Structures are given as structure tokens and as C-alpha cells.
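Trainee: Handing you this structure, nothing more for now.
What follows is calculated from the coordinates using simple rules that are stated; it is not laboratory data. Just so we're clear, the structure is a prediction, and the values are computed from it rather than from any experiment. Note that we place each Cβ from the backbone using ideal geometry, even for glycine, and neighbour counts take in every protein chain shown.
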Amino acid sequence: MQDGIAALEDLLAARHSCRAFRPEPVPEETIARIVTAAGRAPSWCNAQPWQVVVTRGAETARFREALLAELATGAPRPDLPWPESYPGVYGARRRDCGWQLYEAVGIAREDRAARDEQSMENYRLFGAPHVAIVHAEAALGPYGAMDTGGFVTAFMLAATALGVGSIAQASVAAYAPFIRAHFALPETRHMLCAISFGWPDPDHPANGFRTTRAALSEVLDLRG
């Protein structure tokens, strides 16, 4: 299995949050292959609580426009509570990611207006031709959400393997009631995140940086 772990390590190293896309759509068979591969993610009791709505063409544009309209008039109402804070190293990592993005796209740290405008790209879906709305069975609670996180990771790794860029977005899922209404989804489904995806634009400056990862010593507590 040595070749297998090497291939996985290469995929994990290659995957990044894509923040600019080319307009060409991803073929239906490629989307199906990504979702099928992601469906191999493990879950408690094999419950497989995840489902995904994927938009394309005019439907992506319709959702983008409706989301921006909701943003102007509605308030965030996520199904799962957002973090209360990012203490210590977690806040530092979050800030470092933001500063890297602003530097890449030429935004000065003190330019709050430009930073706010860049943050709006989340709700424009970064210009992606597709968005996947990932939702899970509410009755399964936090563990159903945790299982679905595995699906999200597998989705993005499968996309990377096929040359497709992606970015997971909790910001979009903050408008959960709107999303359920827009896609006629039942109240029994928790909106967990969106994944904007498509062919990446390698020349866009927003795709020109990579975040760092914690050292093994910060993650692993090996005992015995």
C-alpha cells in the first residue's frame, strides 16, 4: 500500500481552497464521479447522513442572485451554532489565512472596505459555475454532522484528483432557512456547508497562496 499512501499524501498536499474559477462547467459525469467517490466516506453505523444539491448553469446564477438578495435583507440563521471564539493558536491561524489572502489580492491590512468587498466573494460563490449544498439528517445531531464532514473532505479530495477546484463555505450555510426554502428541502435537513467548485483559474492572485499546517508535535500526543 506504499503507493496508495503516497498518492493520498500528494492529493492532500495539492488540495487547497480555490477562490477563483473559470466559467466552463464541469461535465455531469465528472460531478457524478466526485459525489460517488465522496460517498465512500465512513459514517457511524453506516448511516451515511449526507445529501447534496448541486447546481449548474442558470440554476447557479439564480441561487447566487437570490443569496445576495437574502444577504441584503435577512440575518444569518445557521442550523449549527458558529464558534463562540477562536482562542489562542486557532485565532492566529485564522488571521494568518486572512492576511495571506489579502496580500495575494493586493488589499492593504488597513483597507477595511476592500476587505469587506473581498468577503462578499463568498456569497458570489467566487464565480464558480457550480455550488454543492451539503446537508445532513437533523435527527442524527452532532455525530451526523461529523460524519458529513468526512463526506465534505472526500468530495474535495476527489475533485482535486480530477483537476476540479473547490472551497467549502460555512458562510453560505449561515442562511439555512433561505437555502431550505430555495431548494424546497425539508426542515429535517440541517444545512452544513456549501462547496463552490469548478475548473480553477490558476492565474488569479487569490489562488496564488497556500496556508501552512501545524507541526506533528502540535497534533500528535503519542503515549505508551
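Trainee: Among the candidates Arg19, Arg56, which residue alone is more than 16 Å from the chain's Cα centre (by Cα), surrounded by 12 or more Cβ atoms within 10 Å (Cβ to Cβ) and part of a loop (DSSP other than H, G, I, E, B)?
Mentor: That would be Arg56, the only listed residue that is more than 16 Å from the chain's Cα centre (by Cα), surrounded by 12 or more Cβ atoms within 10 Å (Cβ to Cβ) and part of a loop (DSSP other than H, G, I, E, B).
Trainee: Just to be sure before I move on: is Val26 touching a residue at least 24 places away in the same chain (Cβ under 8 Å), assigned to a loop (DSSP other than H, G, I, E, B) and surrounded by 13 or more Cβ atoms within 10 Å (Cβ to Cβ) in the structure I sent?
Mentor: For Val26, the condition - touching a residue at least 24 places away in the same chain (Cβ under 8 Å), assigned to a loop (DSSP other than H, G, I, E, B) and surrounded by 13 or more Cβ atoms within 10 Å (Cβ to Cβ) - is met.
Trainee: While we're on this one: Taking only pairs six or more apart or across chains, which ones have beta-carbon atoms under 9 Å, a first residue in region 150-166 that is without any contact (Cβ under 8 Å) to a residue 40 or more places away in the chain, and a second residue that is part of a strand (DSSP E or B)?
Mentor: Gly163/Pro200
Trainee: Please pick out the residue among Pro49, Pro81, Pro42 that is under 18 Å from the mean Cα position of the chain (by Cα) and loosely packed, with under 12 Cβ neighbours inside 10 Å.
Mentor: Pro81
Trainee: Additional query: When you check Arg109 against the structure, is it farther than 20 Å from Phe155 by Cα, part of a loop (DSSP other than H, G, I, E, B), out of contact with any Pro (no Cβ under 8 Å at 6 or more places or on another chain) and not hydroxyl-bearing (Ser, Thr, Tyr), yes or no?
Mentor: Yes, satisfied.
Trainee: Considering region 65-76 alone, what residues qualify as being in a helix (DSSP H, G or I) and either β-branched (Val, Ile, Thr) or surrounded by 10 or more Cβ atoms within 10 Å (Cβ to Cβ) (or both)?
Mentor: Answer for region 65-76, where residues must be in a helix (DSSP H, G or I) and either β-branched (Val, Ile, Thr) or surrounded by 10 or more Cβ atoms within 10 Å (Cβ to Cβ) (or both): Glu65, Ala66, Leu67, Leu68, Ala69, Glu70, Leu71, Thr73.
Trainee: Only residues that are more than 21 Å from Gly198 (Cβ to Cβ) and in contact with a strand residue (DSSP E or B) (Cβ under 9 Å, 6 or more places away or on another chain): list them for region 3-49, please.
Mentor: Within region 3-49, Ala41, Ser43, Ala47, Pro49 meet the criteria.
Trainee: Still on this model: Restricting region 105-129 to residues that are touching a residue at least 60 places away in the same chain (Cβ under 8 Å) and in contact with an Asp or Glu (Cβ under 9 Å, 6 or more places away or on another chain), which is surrounded by the most Cβ atoms within 10 Å (Cβ to Cβ)?
Mentor: Pro129
Trainee: So which of Asp116, Asp79, Asp96 is touching a strand residue (DSSP E or B) at 6+ places or on another chain (Cβ under 9 Å), within 25 Å of Phe197 (Cα to Cα) and not in a strand (DSSP E or B)?
Mentor: The unique qualifying residue is Asp79.
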